[in-house]
Amino acid sequence: MRRASSRGRVLFAIVALALGGVSALGAAHAQEKAAKNVRAEPALGGSALPPPVTERLTLIADRDDDDADDVPDGLAAFVAPAARVDLVTLDPRFAGATLSPARGREHTRLVANGKLFGWGERLPQGAQLQGLSPGRAVLVARWPGGRETSIAVDVHGVSLRDGQNRAVDMATERASLQRTPPARIDLDDVDRPYDDPDALRVVVTSPEGASLGPITAESIAADGARLDSTADLRLVPTSCGAGATSEIGCLATAPLRFVVDDVDRRHALVAARSIKAEVGGAVVVRDAKGKKLQAIRVGGPRRTAAGPIDRYRLSIRTIVMRLTPGGAPAVGSTDAGAIAALRQELAVASATWGQCGMTFGPVAQLDVKVVNPPPPYLVALGDDVGLPASGGEVRLRVEGRPLTFTTKRGWSTRQAALELARVAERAGLKPSISENARISSGAAPSVDVLLRRADGQLATAELLSSSDATMSVGIGAVDLSDGLQHFGDTDSVAGTIEERALVKAVDDGDPRTIEVIVIPFFGGGGRIGESFIGSDGSSMRNVVIVDRAGVRAQRTSLTLAHELGHVILDEPGHPDDYGIDMPTLLMDSDASDASPFGPRRLLADDCARALRQSGPGARIPLLTEWKLSPLKYPNR
Ligand SMILES: [Zn+2]
């Protein structure tokens, strides 16, 4: 709030002294003073002149949504405490006086304790003014006994405009993260439309002759911490648009890019107009003194085929495998190092998916565990082409004790699995049956029987012999010392027996969470990540496996974000498989480039597909809506 100047106070004192409490005389005197006063406002048509201006206030048209109720604060029927940050509290000496607008009443309103307060009513202590629209208002304050004075109120607008010169609603729309590689623009031509769905210009609208001075943008993270800020933004005169009066003038900045990381922030083409931002956070426009002017929340794209996207949360469990039981974790030399490395990698993937308004939640709350590789606990029946049984006896040793079951001629893999489960249960074990997707060359799906001890821990099994000539029996064991044996083209839907033994050991049984499993390396070389997606119909779904190299590759290929993309989009293919070779796309199969032109972007169509395939309305919803809650913007 700007206080009355000392000159204003002196004038006020003289008027008060001269009036001596005679109201009729006071009013006449005040009018005379107003006519002579150099700062007098223009006269209103025909009516009496307002008393001289002794106070000047600057307000911002309050169109943002600081209490996150999706209603612009200036339209709220009650101004909640969180939304009062942009209001200006009147000086205590106005308590007991009344305020009436002499002009420009549409530009401001009175609020007391959040409640709307009528013009002409006696002002309580702490009454506040809220800006509604850009323009100039003159308010006449009258004390009991007849003292009067005028307050001039300049209401400035601080708003946002997109590439099509459309106004962006700061309460109901979001600033979205940059999905377009850097491009050069003409910084002086602020009226020219631009082809970037995310970047926004800040537009400052001021009453004729008034100025807000320099402005900066500041970015607040979802947890309220300061994330980034810009130097003073260059303001260039621009059109105020159709229907604007000559009472106001407008200035605009270059289109601001809200970017995920320093790679995008620092590129020479865009460094002056980029600011790091985060889904769930906010971009705050401040004046030179650091006072908050207006803010917009950061969310997903404003326009997609599935509508605007605010914020969604993805639930991810991350499991870092040890090389051997009790041994070193797959990444980082210690458990704490592994957890820190994975949280960092998950934060990068989360920020990348922020382009679609999708986040994994606060980094410190990300679930990362370091676990031992499982014992050989999985009995795979028909783990090749799923041929039926021809009858025979299968002899196993489980937890050191013999376990034998017999198959009958013509039994399916599933019937054999049921028989094994029955026998195992009788032996005091806790078996569970897990059917696999049928591979392309398979006669029937193979079936796995997972053996657990009575205490729920995975059991150790060994195959002694099988006399069934057609139905194969195998034990799934995980040996990470020679790399994980990964799927090829024919068994990709079911995964290899080693992959299944690994994944099924850590599965939490909740298909709405994504499991990320980190291994030392894949066998055979070349691969650094793979994913199992929902549409395969496998019991193994929504799982991503990355290796050490995939974690280290970090920003050059965003391996984890890419592999998660297959799961979220429920799409095994890549855009380049369909002839769309855009190496800047995250889902491109082979691009590797650490610059902002590398594989990191998501298209609005990707975001819409993600919502369709994994949103709350999907068969298996991976994404849950995460409503924005109010953020505090500390004054600097
Ligand atoms: Zn891929």
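Annotations for the structure displayed:
- Backbone amide hydrogens, once placed in the peptide plane, bring Lys276 within less than 5 Å of Val259, excluding anything fewer than 5 places away on its chain.
- Among beta bridges identified by DSSP and lying wholly in the chain, the antiparallel ones come to about 75 percent.
- Angle between the chain longest axis and helix 413-426 axis [Cα atoms, degrees, rounded to 10]: 90 degrees
- Amide H contacts of Val516 (H built 1.01 Å from N, under 5 Å, at least 5 apart or other chain): Arg317, Thr318, Ile319, Val544
- Charge dipole of the range 162-299 (Cα centre as origin; +1 on each Lys and Arg Cβ, -1 on each Asp and Glu Cβ, all else neutral): 320 debye, rounded to the nearest 20.
- Gyration tensor analysis over the Cα atoms of the range 62-142 returns equivalent ellipsoid semi-axes of 21, 15, 9 Å (largest first, whole Å).
- Net charge dipole, the range 378-477: roughly 260 debye, given to the nearest 20, about the Cα centre with Cβ charges of +1 for Lys and Arg and -1 for Asp and Glu.
- Residues Gln344 and Ala454, FRET efficiency given R0 of 45 Å [Cβ-Cβ distance, rounded to 0.05]: 0.70
- For the pair Arg105 and Ser246 in one chain, pulling the backbone fully straight at 0.36 nm per residue adds 49.0 nm over the alpha carbon distance.
- Extreme residue, positive dipole direction of the chain, given options Leu59, Pro308, Val567 (C-beta unit charges): Leu59
- Gain in span if fully extended, Ala210 to Ser467, counting 0.36 nm per residue against the direct Cα distance: 83.2 nm
- Tilt relative to the chain, helix 497-506 - C-alpha long axis, 0 to 90 degrees, to 10: 50 degrees
- Leading residue at positive end of dipole, the range 162-299 (Cβ point charges), from Ala199, Thr216, Gly163: Thr216
- Label-reachable residues, the range 250-273, where backbone N falls under 16 Å from a point 7 Å from Arg234's Cα toward its Cβ: 251-257, 268-273
- Degrees separating the helix 335-353 axis from the principal Cα axis of the chain, which is the longest one: 60 degrees
- For the range 378-477, the normalised intensity computed at q = 0.18 Å⁻¹ comes to -0.74 (log10 of I(q)/I(0), Debye sum over alpha carbons, equal scatterers, no solvent).
- Debye, to nearest 20: dipole size of the chain, +1 on Lys, Arg Cβ, -1 on Asp, Glu Cβ: 2760 debye
- Ranking Pro445, Ala421, Leu387 by Cα position along the charge dipole of the range 378-477, where only Lys, Arg, Asp and Glu carry charges on their C-beta atoms, puts Ala421 farthest toward the positive end.
- Stretched out straight at 0.36 nm per residue, the stretch from Val71 to Arg401 would grow longer than its current Cα-Cα span by 112.0 nm.
- With helices as the sole contributors, the chain gives -5000 deg cm²/dmol at 222 nm; each DSSP H run of n ≥ 4 counts as -39500 (n - 2.57), and the sum is divided by every residue.
Read-outs: derived from the displayed coordinates by stated rules, not from any lab. Here the structure is a predicted model, which is why all the values come from computation and not from measurement. Don't worry about glycine lacking a Cβ; one is built from the backbone with ideal geometry, like all the others, and counts go over all protein chains shown.
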